[in-house]
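The values are calculated or read from the model by the stated rules, or taken from the named source; none is laboratory data. Small disclaimer: the values here were computed from a predicted structure and weren't measured. Because the Cβ atoms are built from the backbone with ideal geometry, glycine has one as well, and the counts that use them run over all protein chains shown.
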Amino acid sequence: MSAVATKKVRNLVLVFGDQLDPDAGVFKDFDPKKDAVWMAEVDHESTYVWSHKQRIALFLSAMRHFRDELSARGIKVHYRELGDKANSGKLSTELEHALETLKPEKVHFTRPGEWRILRGCEKVLQTTDTSYQLFEDTHFFTAPADFDEHAEGRKSLRMEFFYRELRKKTGILMDEDGKPVGGEWNFDKENRGSFGKGGPPVETAGPVSEPDEITAEVLRLVEDHFPKHPGSLKHFRWPVTRRAALHALNDFVKHRLPDFGTYQDAMWTDAPWLYHAWLGSSLNLKLLNPREVVSAAEAAYHEGHAPLPAVEGFIRQILGWREYVRGVYWKFMPDYLERNSLGADAALPDFYWTGDTEYACLKQTIGQTLEYGYAHHIQRLMVTGLYALLLGVNPKAVHEWYLAVYVDAVEWVELPNVLGMSQYADGGVMASKPYAATGKYIQRMSNYCAKCPKNPAKRTGEDACPFTTLYWDFLLRNEKPLRRNQRMSLQVRNIDRIDEAERSEIRAAAAKLKGA
Ligand code: FAD
Ligand code: SF4
């Protein structure tokens with residue numbers, strides 16, 4: 001620990017790497033004369049899933065900037081650095097040590113972003129007989145209890161209903177008569193455009209936060225400490241301070257929000273950023289508050305800068321999906337993590353860690369993930385997620401990969417998206433049916449197939465697209481449970497047209513892919 005306690009601490013505020021806001025609720029009655037903050041960088045948080053170097057660097061650099069900001073405000077921060085000799089490498093051990101040394105009267109902390117951390121901290125606090133108070137995270141529009149209330153008595157949960165409730169409660173994109181602005185709740189149908197042959201109309205490279213001294217030091221530390229971890233640090237670009245995050249927000253609203261809606265689902269070769277916000281990591285580390293992000297988008301609509309379908313589409317991601325997945329996470333954890341409704345047990349292909357594959361869509365998506373720690377929603381859902389679903393990869397292995405490789409990955413948001421939305425392992429809590437599709441979906445939404453040796457229209461044969469082969473194998477393999485799902489009935493009925501000889505061919509081709 002960099003500082004030795006000289007006098008007894010009244011309230012010790014624990015701050016984790018994704019809670020970097022000095023105005024958070026937990027600081028409300030903070031008295032710098034009596035209280036102090038505790039933060040720790042520990043090895044285990046970067047190794048329990050094999051984290052991407054940029055994800056590690058982002059958290060460490062943002063934490064160090066936050067420490068310095070608090071210190072500049074006259075707040076005492078007890079901070080354990082990764083390189084400190086006495087660092088045990090485990091959060092719980094470090095916390096025990098801090099409690100022993102500082103002997104605070106009470107510990108205050110905000111609900112962490114992971115069930116594991118919450119239980120781990122509570123265990124330490126209880127076994128050391130430390131009095132503590134858990135604060136709800138005010139960086140969300142809703143608390144887990146609001147979601148529980150919404151879920152009470154409902155047979156099935158759907159994001160759209162929760163979203164509408166929140167629109168009404170907050171007044172966001174609502175008119176004076178309590179009706180949705182523009183007369184519709186949802187403009188999703190207008191948000192499925194793909195690029196024409198020419199590709200994205202403008203270059204969307206966006207702002208890059210050049211590494212300052214702190215970040216440069218962290219990048220060296222990560223390279224030294226985690227040399228074998230996946231990904232590259234070469235193009236580290238993520239905001240690590242609130243100031244940089246605000247700059248990124250303004251840049252998005254000004255340059256990309258107007259086209260966000262139309263091209264939300266589109267993909268293009270060598271174009272990782274497109275019209276997306278790249279704000280996930282800033283929101284999840286709490287450098288930005290979702291209220292200010294939503295307000296900025298809403299203002300852009302009222303000022304005539306961005307059309308309603310784009311603004312509604314963007315706000316739905318934050319006010320709708322982001323709040324909804326958090327509700328699902330806290331309602332169903334910890335057993336949610338163990339769900340595997342389709343009994344998927346295949347291993348994750350090795351190329352997920354290297355990008356070394358001939359399949360153009362996977363090569364592009366995994367390649368940019370390793371380069372930047374980023375892929376946009378449709379790449380995550382309909383390329384890497386879809387392939388794992390169709391292949392039948394064990395959902396926990398898929399979850400661990402996603403948690404490791406994206407800079408915005410924190411379990412409360414990553415897990416329901418991966419295990420629920422993309423792998424259908426929760427049996428329909430997040431999605432009413434599996435997001436299963438052939439390679440033709442990818443062909444429609446991108447230009448990847450044009451540069452691929454495989455043919456998305458073919459399900460068997462030398463040049464068959466693996467997505468298309470595996471799609472039919474997925475339907476054959478899961479025929480029974482899928483027939484019970486009304487929303488899948490049309491899709492499943494198509495297998496009735498495949499004769500036994502071709503079924504065997506599909507199964508053999510799929511088995512070959514599974515062995516790859
Ligand atoms: P944009 O596409 O510009 O969207 C704007 C914002 O909306 C995002 O920053 C995010 O805060 C929010 N948002 C959009 N979609 C979702 C969603 N489905 N759930 C929650 N919030 C959403 N998001 C994460 O923040 N962390 C994750 O670890 C994560 N893992 C995912 C894994 C899978 C398999 C899938 C399908 C989605 C995942 N998402 C995750 C959701 C989404 O893909 C990312 O939030 C988004 O790609 C981040 O990039 P962006 O800021 O450019 O987002
Ligand atoms: Fe991907 Fe299949 Fe298209 Fe190749 S043909 S890019 S594998 S969808």
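Side notes on the structure shown:
- Considering the range 455-494, and only residues there that are of a type in the set (S, T, N, Q) and either loosely packed, with under 13 Cβ neighbours inside 10 Å or assigned to a helix (DSSP H, G or I) (or both), the residue that is nearest to the chain's Cα centre (by Cα) turns out to be 468.
This table checks each residue for (1) of a type in the set (S, T, N, Q); (2) surrounded by 22 or more Cβ atoms within 10 Å (Cβ to Cβ); (3) in a loop (DSSP other than H, G, I, E, B); (4) not assigned by TED's automatic domain parsing to the domain that holds residue 371.
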| position | (1), (2), (3), (4) |
| --- | --- |
| 248 | no, yes, no, yes |
| 251 | no, no, no, yes |
| 264 | yes, yes, yes, yes |
| 267 | no, yes, yes, yes |
| 273 | no, no, yes, yes |
| 277 | no, yes, yes, yes |
| 287 | no, yes, yes, yes |
| 291 | no, no, no, yes |
| 298 | no, no, no, yes |
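- Single condition residue 374 does not satisfy, out of (1) within 9 Å of ligand 1 (Cβ to nearest atom); (2) in a helix (DSSP H, G or I); (3) surrounded by 24 or more Cβ atoms within 10 Å (Cβ to Cβ): (2)
- Candidates 451, 458, filtered to the one that is within 14 Å of ligand 2 (Cβ to nearest atom) and in contact with a helix residue (DSSP H, G or I) (Cβ under 6 Å, 6 or more places away or on another chain): 451
- For residue 311, the conditions (1) of a type in the set (Val, Ile, Thr); (2) farther than 24 Å from residue 185 by Cβ; (3) within 14 Å of ligand 1 (Cβ to nearest atom) are fulfilled apart from (2).
- Across the range 206-218, a minimum of one residue is classified as crowded, with 17+ Cβ neighbours inside 10 Å, more than 24 Å from the chain's Cα centre (by Cα), modelled with pLDDT of 95 or more and more than 30 Å from residue 147 (Cα to Cα).
- When residues of the range 399-411 are limited to those that are of a type in the set (Val, Ile, Thr) and either free of Cβ contacts under 8 Å to residues at least 12 places away in the same chain or under 19 Å from residue 321 (Cβ atoms) (or both), the one surrounded by the fewest Cβ atoms within 10 Å (Cβ to Cβ): 410
- Pairs where the first residue, in the range 412-432, is in the same structural domain as residue 161 (by TED's automatic domain parsing) and the second is at pLDDT below 95 and more than 9 Å from ligand 1 (Cβ to nearest atom), C-beta under 8 Å, 6+ apart: none
- Checking every residue in the range 326-334 against the condition of being within 16 Å of ligand 1 (Cβ to nearest atom), among the hydrophobic types (A, V, I, L, M, F, W, C) and more than 16 Å from the chain's Cα centre (by Cα) gives at least one match.
- Residue within the range 233-246 that is part of a loop (DSSP other than H, G, I, E, B), within 23 Å of the chain's Cα centre (by Cα) and either within 19 Å of residue 378 (Cα to Cα) or in the same structural domain as residue 375 (by TED's automatic domain parsing) (or both) present: no
- Options 343, 355, 367: the member that is part of a helix (DSSP H, G or I), free of Cβ contacts under 8 Å to residues at least 24 places away in the same chain and away from ligand 1 (no atom under 14 Å from the Cβ): 367
- Any pair with Cβ under 9 angstrom, 6 or more apart, that starts in the range 179-200 at a residue that is surrounded by fewer than 16 Cβ atoms within 10 Å (Cβ to Cβ) and ends at one that is modelled with pLDDT under 85: 193/261
- Residue count for the range 381-409, restricted to those that are in a helix (DSSP H, G or I) and farther than 15 Å from residue 467 by Cβ: 11
- Given (1) within 16 Å of ligand 1 (Cβ to nearest atom); (2) closer than 20 Å to residue 369 by Cβ; (3) out of contact with any Leu (no Cβ under 8 Å at 6 or more places or on another chain), index of the condition residue 415 fails: (3)
So that you can scan it fast, the table gives a plain yes or no per residue for (1) within 20 Å of residue 272 (Cα to Cα); (2) within 16 Å of ligand 1 (Cβ to nearest atom); (3) not polar (S, T, N, Q):
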site	(1), (2), (3)
440	no, no, yes
443	yes, no, no
450	yes, no, yes
453	no, no, yes
457	no, no, yes
466	no, no, yes
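- Enumeration of residues in the range 480-513 that are under 23 Å from residue 431 (Cα atoms) and either touching a Leu at 6+ places or on another chain (Cβ under 9 Å) or modelled with pLDDT of 95 or more (or both): 481, 482, 488, 489, 491, 492, 494, 495
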